[in-house]
Amino acid sequence: MAANNRRMSGKKGAQVGSGGQRRRGLEGKGPTPPAEMRKGHKKNRIAGAKAKQVQRRPVARGRGGKSASELVVGRNPVVEALREGVPASTLYVQQFIDNDERVREALQLAAERGGINLMEAPRPELDRMTNGLNHQGLVLQVPPYEYAHPEDLVDAAHDEGEDPLIVALDGVTDPRNLGAVVRSVSAFGGHGVVVPERRAAGMTAGAWKTSAGTAARTPVARATNLTRALEAYKKAGIAIVGLAADGEAEIGELAALDGPVVIVVGSEGKGLSRLVGETCDFRVRIPMPGGAESLNAGVAAGIVLYEAARRRA
C-alpha cells in the first residue's frame with residue numbers, strides 16, 4: 001500500500017541537472033551578422049555568385065576614361081584604406097575567418113561608411129581573386145577612378161572666375177607622389193592635375209591615402225598624349241611652365257605665375273622628357289642653397305604652387 005501511495009503522490013525524486021547548458025544557451029551571442037555573411041541565406045548565395053564575377057566585369061569609359069578596379073589585400077592594408085576614406089565598393093570577408101580586432105574594425109568601418117557591400121567568400125575564391133597573395137581573409141575592392149578630361153580643369157577655373165592653375169606630371173610613376181601633388185593643388189587653390197595615360201602613376205588606393213582625402217574634391221585628368229594636351233592649353237592662352245634643374249630663370253623671377261598657368265613637373269632624376277620640355281614656354285628652377293640635386297614631384301609642385309598662390313592673393 002505504501003508503494004502505491006508513493007506512485008500516486010506526484011512527488012518527484014532528485015533530478016539530474018543540465019550542467020549549466022540551458023543557462024549558457026540563453027546568453028547573448030553578440031549582434032546578428034549581416035545576411036550576406038549568414039551561411040544558407042539567400043543574400044549569402046548571391047554574394048558568393050557576385051564574388052566569382054568580380055574579375056569579369058567590363059570597365060566603363062567616361063569622358064576622361066576610367067581606371068581598372070583595384071583590390072586592397074590584407075588585414076592591415078584594408079583597415080588603413082578604410083580609415084583614410086579610400087573609395088570602396090565591396091569588402092570581401094573569408095568564410096569562418098578568425099574574428100580578431102582588425103577584422104572587427106574593418107567590418108565596423110565599412111558599416112559606418114555606408115554604401116560598401118559586405119560579401120562572404122570561401123578562401124579558394126579569395127585566393128583566385130588576389131592571384132594567391134596573402135590576403136589574410138580580407139579583400140577590399142576599390143572602384144575604377146573616373147578621370148576628368150584636361151579641358152574640364154580649365155572649364156572649372158573659368159566657372160569660378162579664376163585663372164587656371166594646373167599641375168601636369170611627366171613621367172611620375174609613384175602613386176604616393178601623385179597623391180602628394182593632389183594634396184598640394186588642393187591646399188593652394190589649384191584646379192586639378194593632369195597625368196599621361198601611359199607610363200605614369202594613376203589614382204590608386206595608395207594615391208588616395210597620400211592625398212589625405214583631398215582627391216575627393218580635386219580632379220585628376222588623364223591625357224592620351226601629354227604633349228598634345230599641353231599644346232591645347234597653350235592655344236587657350238595658358239602659359240606652360242616646366243620645372244628643370246637647368247632652367248633659365250628662378251621661380252621668383254617668373255611673372256607668368258601671376259596668370260593662367262600649367263606647372264609641369266618631371267620625374268625625380270630624369271626630369272622633363274624632351275618633347276614636353278620643348279613644349280614649355282618657360283623652364284624654371286627652384287633655388288636650393290643646400291645643394292640637393294633634385295626634389296621629388298610632391299615637394300617641387302608644392303613650392304611652385306605656394307609661389308603662385310602668394311602672387312594671386
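The values are calculated or read from the model by the stated rules, or taken from the named source; none is laboratory data. Note that this is a predicted model, so its numbers are computed, not measured. Here the Cβ is made from the backbone with ideal geometry for all residues, glycine too, and neighbour counts use every protein chain on show. We work out accessible area using only protein heavy atoms, side chains counted, and drop any ligands, DNA or RNA first. Shrake-Rupley method; radii C 1.70, N 1.55, O 1.52, S 1.80 Å.
Using only the C-alpha atoms of region 232-306, find the volume of their convex hull and express it per residue in Å³. Could the numbers behind the result be given before it?
Working: hull volume 6.7 nm³, N = 75.
Spelled out: Cα convex hull of region 232-306, divided by residues, is 89 Å³.
Once you compute Rg and the Kirkwood Rh from C-alpha atoms, what is the Rg to Rh ratio for region 61-197? Working shown, then result.
On the way: Rg = 18.2 Å, Rh = 17.0 Å.
Result for region 61-197 is an Rg/Rh of 1.07.
I need the GluC sites (Glu not before Pro) found in region 224-276, filtered to DSSP loop residues with at most 15 other beta carbons within 10 Å of theirs.
Numbers: sites: 231, 248, 250, 253, 268; in loops: 248, 268.
When the GluC sites (Glu not before Pro) of region 224-276 are filtered for loop state and at most 15 Cβ neighbours within 10 Å, 248 remain.
Please work out whether region 158-214 counts as rounded, prolate or oblate from its C-alpha gyration tensor, where a ≥ b ≥ c are the square roots of the eigenvalues and a/c under 1.5 means rounded, while otherwise a/b larger than b/c means prolate and anything else oblate? Intermediate values should be presented prior to the final figure.
On the way: a/c = 2.62, a/b = 1.49, b/c = 1.77.
Cα axes put region 158-214 in the oblate bin.
Taking region 127-276 on its own, what percent of its Cα-Cα pair distances exceed 18 Å?
On the way: 6582 of 11175 pairs.
I get 59 percent for the Cα pairs in region 127-276 exceeding 18 Å.
What net charge is computed for the residues neighbouring residue 103, neighbours being all others with C-beta under 13 Å from the C-beta of residue 103, Lys and Arg scored +1, Asp and Glu -1? Don't jump to the answer; show the numbers that get you there.
Values: positive: 75, 102, 104; negative: 98, 100, 101, 105, 120.
So the environment of residue 103 carries a net charge of -2.
Starting from the Cα of residue 270, draw a straight line to each of the aspartates and glutamates and keep only those under 13 Å, dropping any in the same chain fewer than 8 residues away.
Straight-line reach from residue 270, under 13 Å: 170, 246, 293.
For residue 226, what charge total do you get from the other residues with a beta carbon under 12 Å from its beta carbon, if Lys and Arg give +1 and Asp and Glu give -1? Don't skip to the answer; put the middle values down first.
Working: positive: 198, 199, 222, 228; negative: 170, 197, 231.
Residues near residue 226 contribute +1 overall.
Using only the Cα atoms of region 134-175, what do you get for the radius of gyration and for Dmax, in Å?
So, for region 134-175, Rg and Dmax equal 17.0, 50 Å respectively.
Counting only protein heavy atoms and a 1.4 Å probe, tell me what percentage of region 154-313's accessible area is made up of carbon and sulfur.
Working: 3560 of 7390 Å².
Looking at region 154-313 in its full context, I get 48 percent from C and S.
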